[in-house]
Each structure stands twice: as structure tokens, then as C-alpha cells.
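See structure below.
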Amino acid sequence: MSGSVLLALGAAALFGGLVLLTLVAFTPGVPRRRLAAEFGPRSGRERAQLSRLGARAVALTERALARRARDRMVAAALERAGIDLRPPEFVLLVACAALGAALVGGALGGAGVAVVLGAVVVAVAVAVVRMKEHRRRAAFADQLPETLVLLTSGLRAGHSLPQAVDAVVTESLPPTSEEFRRVLFETQLGHTLPDAMGALAERMRSEDLEWVVEAIEIQGTVGGDLAELLDNVNRTIRDRNRVRRQIDTLTAEGRLSAVVLFLLPLAMFLFMTVANPAYIGELTSNLFGIVLLGVGAALMVAGGFWLRRIIRLIY
């Protein structure tokens, strides 16, 4: 197949992915919920807004994920990241982008470049999800002390705990307001408030919120002043956050070095592929060069995990 045909197919795949993303993610007037487990499959009205080809592709991807038991894992990652897409939609978008990049790379530099570009697209998608998840969890952790202040203020004003949580939903900023709105919704479905908040702590991987849930459960068992108990927990959380910020400041240089060391070889490889294809062809045109590329990629991944362990001291 000629390079121009591969380039055209790659451009068509990228365009199709963008169209599907527009249809799925930017459809106006349809409220999306990340409670798919409670509501089941999407309604026919939402399905009708996709093209027949797109809906069929999403359905095939959904069945493939279900067969491999990956749908719940992807759904949990998207929920933590705050990405309002269902798992098959997200996987299909990433697959279209990776296929398009691979076809473009095959037209420009051969099979080796196609594999590298496809893998880079998948890696970037995973990195974006993890980055958004980390930022959302960090924002939730930073807002948690103020959330506890709102809870204790509501309790001291004579409100019940569910009423205080409703005040948090009204007064807080995302992602706290979004997550506590889901907590209230789960209580309406029959879950107890401690169980719903425990699910929130597990979903956001918040050890601080787990302490809050344990304090609420202990107070419900033995009694006592819940507002005073939450104040004590809040002071502990503020101290932990202060230490965490100090660690982030001290390890900022190490994190930046890790990013530069990881991206520099990839950038140089792509630059040399465009500037001097014959030079890169010595690596991608024979088995020994492909093995060297694989060894280099493995060493980069190992170095990334090593640096991650160095700069993440206590959390």
C-alpha cells in the first residue's frame, strides 16, 4: 500500500475520531450521569443521537470490554478523572486516534514509526486520564478541610447530617460539590449516609475522608458531639496537608527532571524521523534495531518507576 493511501486513511481515522468525540461528548441538552451501574444501559434517545456506524462501534467495543472484564476498571478510572464518557466511548476514541497516528506514521517512516506513534497516542491518553485523576483528587483533598468546616457549622446550627451534606453540595466548588451530590443521590437510592461517604472515600482514594467516615460511624455507635469530633479530625487533616505541600515543593525539581528525561528521547526520535529518515531507518528496518528500541523503551519505563519511587516519599 502506498504512502499516500496510508496517509489518507490515517487522516480519515483521525477525522472520524474527532467526529465521534463531538457526537458523544458535546451533545447538548442530555444530562450525563456517571451512575451507569444504577441506571443500566443508555436510553434509546441518547443512542439515536449517534450515527448508526458510531453506535455499532460503541456497542462492539462495550462487548469486548465486558468479555475481558475491563469495563469496570476503565469506568472507575474515568469517574475518578471526571471524564464524562462511558468506557467503550473512551476506548473507541483512543483506538481511532492510535490507528490514525499509526497510519500516518507508516506513510511517513515505515512500520517502526507506525508502532511507535500508535503506542505514543495510547500512552498519552492513559497519562491524560491519570493526570486529570491526580488533579481532581488533589483538589478534593485541598477542599476537604473547608468541607468539614461547612459540616460542623451546619451541625452546630441544629441541622442533621444529611442537611449539612446538602449545604456542602450547595456551597462547595467542584469536585467536592459533584461528589457529595452523588452521595446524596445514593442515599435516595437506599444506601446509608456512612456507606455512601465510604464509597466516596474509596472512589477518590482519600484516606482523610476515611477518617471522617470512621468518626461518623463511631459517633453513631457510642454517641457524643459529632461537631467537636469532626473539628479534631479537621485539625489533623490540615496538618497532613501542610506536610504534603512541603514535600511537593521539595520534590518539584525531581518531578520536572523525570518529565524531561522521559520526553526528550521521544522528541528526538520524532525529530530525527522527520529530519533524517535514513538515520532512523537503520533502527527500524532490521530486527537488531527494533530490539534496541524495545530495550531502550523498557529502560525508560524502569527509570520512570525508579524516579517515581524516589520523589513520592509518603503518599
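Just so it is clear, none of the values below were taken in a lab; they were calculated from the coordinates. Keep in mind it's a predicted model, so treat the numbers as computed, not measured. Because the Cβ atoms are built from the backbone with ideal geometry, glycine has one as well, and the counts that use them run over all protein chains shown.
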May I ask you to list the trypsin sites (Lys or Arg not before Pro) in region 250-315 that are in a DSSP loop and have at most 15 other Cβ atoms within 10 Å of their Cβ? 312
For 134, 191, what's the fewest-to-most ordering of other Cβ within 10 Å of each Cβ? 134, 191
Quick one: 3J(HN,Hα) in Hz for region 74-89, Karplus 6.51/-1.76/1.60 with θ = phi - 60°, rounded, Gly and Pro as x. 5, 4, 5, 5, 5, 5, 5, 7, x, 8, 8, 10, 6, x, x, 5
Per residue, how big is the convex hull around the C-alpha atoms of region 67-182? Give it to me in cubic angstrom, could you? 110 Å³
Taking square-rooted eigenvalues a ≥ b ≥ c of the alpha carbon gyration tensor, is region 125-232 rounded, prolate or oblate, where a/c under 1.5 means rounded and, failing that, a/b exceeding b/c means prolate? prolate
Proxy exposure order for 268, 197 (fewest C-beta within 10 Å first) is 268, 197
If a/c stays under 1.5 just call it rounded; otherwise compare a/b with b/c (prolate if a/b is bigger, oblate if not). Do that for region 183-244, with a ≥ b ≥ c from the square roots of the Cα gyration tensor eigenvalues. oblate
Whether region 251-315 is rounded, prolate or oblate, judged on the alpha carbon gyration tensor where a/c under 1.5 counts as rounded: oblate
